[in-house]
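Throughout, read-outs are computed from the coordinates displayed, never taken from laboratory work. Please read all numbers here as calculations on a predicted model, not as lab measurements. Positions of Cβ are generated from backbone atoms using ideal geometry, with glycine treated the same way; all protein chains shown enter the neighbour counts.
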Amino acid sequence: MTQKSPLAWLGGKSRLADQIIERMPPHETYCEVFAGAAWVLFKKPESKVEIINDINSELTNLYRCVKHHLAEVVLQFRWMLVARDDFDRFLRTPADSLTDIQRAARFFYLAKSSFGAKIHKPTFGIAATGAPRLNLLRIEEELSDAHARLARVFIENRPFDQVLQRFDRPGTLFYVDPPYWGCEKDYGEGLFTRDDFARLAALLGACKGKFILSLNDTTGVRETFRDFRIEPVKTRYSISGTAKQEVGEVLITNFKPGRSG
Ligand SMILES: C[S@@+](CC[C@H](N)C(=O)[O-])C[C@H]1O[C@@H](n2cnc3c(N)ncnc32)[C@H](O)[C@@H]1O
């Protein structure tokens, strides 16, 4: 059952997901190390064991609450409006002053309403040319689909290196989607640094399982991951309705990708 992620996310792979999925080899355990909006998980067929991980604890709390407390999360949106005042109020409210369910609703509201799906230092997204991304009439439907898809998915909230080491075995397929080269700070200061690309390459080099890594096609990326198979792919991206730009990306693997395994 192929689905959509309920979230828009900076660097989200909604347009690249199909190309990634068709290159997946057979596997038992599927692990998304940098899950974000988890577009690949939501679009791909279910694997025997599935894990999504992200260092952003507001995001992983949202997934956990949608998985375990769907009705309560949906209820939070009952009297809400899409309005700059509400956006600013959520932004001012410290997450640790809220219950987990309130935190999940706050985060979903901010992520859906921010310009360009930027969750680090977000600003209210509004345009004369498009309806708001947060459709309050469809919250229950969108989150119910996500609830069903997440029912048997493990949700982790750890740094990438711990997850790569913890779940590595011969039957594991990692999908690895770190911040783009040159955009290391896009998700918050100090979460991922330029040096982490080399650490990632070393961990992937020692991997017993298989991996698909997606990144932007830059000299630094090609140099750092030169020991693996690097395949250029093309996709088109836009930020909040602006003209779509063609960007060069690469899929990096430690196996020869076939069509659908
Ligand atoms: C490019 S986005 C992933 C997009 C995702 N594939 C999608 O389709 O939405 C990168 C993600 O890595 C997470 N991240 C950044 N540093 C991390 C770290 N050190 N460990 C784990 N996750 C990290 C960010 O919070 C962000 O959600």
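Just a few scattered comments:
- Computed over the chain with a Gaussian network model linking Cα atoms closer than 10 Å, the most mobile of 121, 44, 185 is 121.
- Within the chain: Cβ-based charge dipole about Cα centre, in debye rounded to nearest 20 (Lys, Arg +1; Asp, Glu -1): 420 debye
- Counting beta carbons within 10 Å around each of 183, 65 and listing the fewest first gives the order 183, 65.
- Exceedance of the 29 Å cut-off in Cα-Cα distance is limited, within the set 112/208; 4/48; 118/208; 121/256, to 112/208; 118/208; 121/256.
- Under 19 Å from residue 234, Cα to Cα: aspartates and glutamates that are on another chain or at least 8 residues apart: 18, 22, 177, 217, 246, 249
- Mean residue ellipticity, 222 nm, helices only, the chain: the sum of -39500 (n - 2.57) across DSSP H runs of n ≥ 4, divided by residue count and rounded to 500, is -9500 deg cm²/dmol.
- When GluC sites (Glu not before Pro) are flagged only if DSSP places them in a loop and at most 16 other Cβ atoms lie within 10 Å, the longest unflagged stretch of the chain comes out as 47-188.
- Ratio of Rg to Rh over the chain (Cα coordinates, Kirkwood Rh, two decimals): 0.95
- Look at the Cα gyration tensor of region 64-140: its axes a ≥ b ≥ c give a/c of at least 1.5 with a/b at or below b/c, and that counts as oblate.
- For region 114-188, a crude dipole built from +1 on the beta carbon of Lys and Arg and -1 on the beta carbon of Asp and Glu, taken about the Cα centre, is about 100 debye to the nearest 20.
- Dipole magnitude for region 43-154: computed about the Cα centre from +1 point charges on Lys and Arg Cβ and -1 point charges on Asp and Glu Cβ, it is near 240 debye.
- Under 10 Å, Cβ to Cβ, from residue 29 - net charge with Lys/Arg +1 and Asp/Glu -1: -1
- For residue 137 and residue 4, the FRET efficiency from 1/(1 + (r/R0)^6), where r spans their Cβ atoms and R0 equals 22 Å, is about 0.85.
- Full extension of the segment from residue 80 to residue 48, taken as 0.36 nm per residue of separation minus the current Cα-Cα distance, would add 7.7 nm.
- Comparing 209, 125, 220 in a Gaussian network model of the chain, where Cα atoms under 10 Å apart are tied by springs, the biggest mean-square fluctuation is seen for 220.
- 15 Å beta-carbon shell around residue 185, net charge (K/R +1, D/E -1): -2
- Residue separation of residue 98 and residue 233 scaled by 0.36 nm, minus their Cα-Cα distance, works out to 44.4 nm of gained length.
- Protection-proxy order for peptides 96-105, 226-235, each taking the mean of Cβ atoms within 10 Å per residue, highest first: 96-105, 226-235
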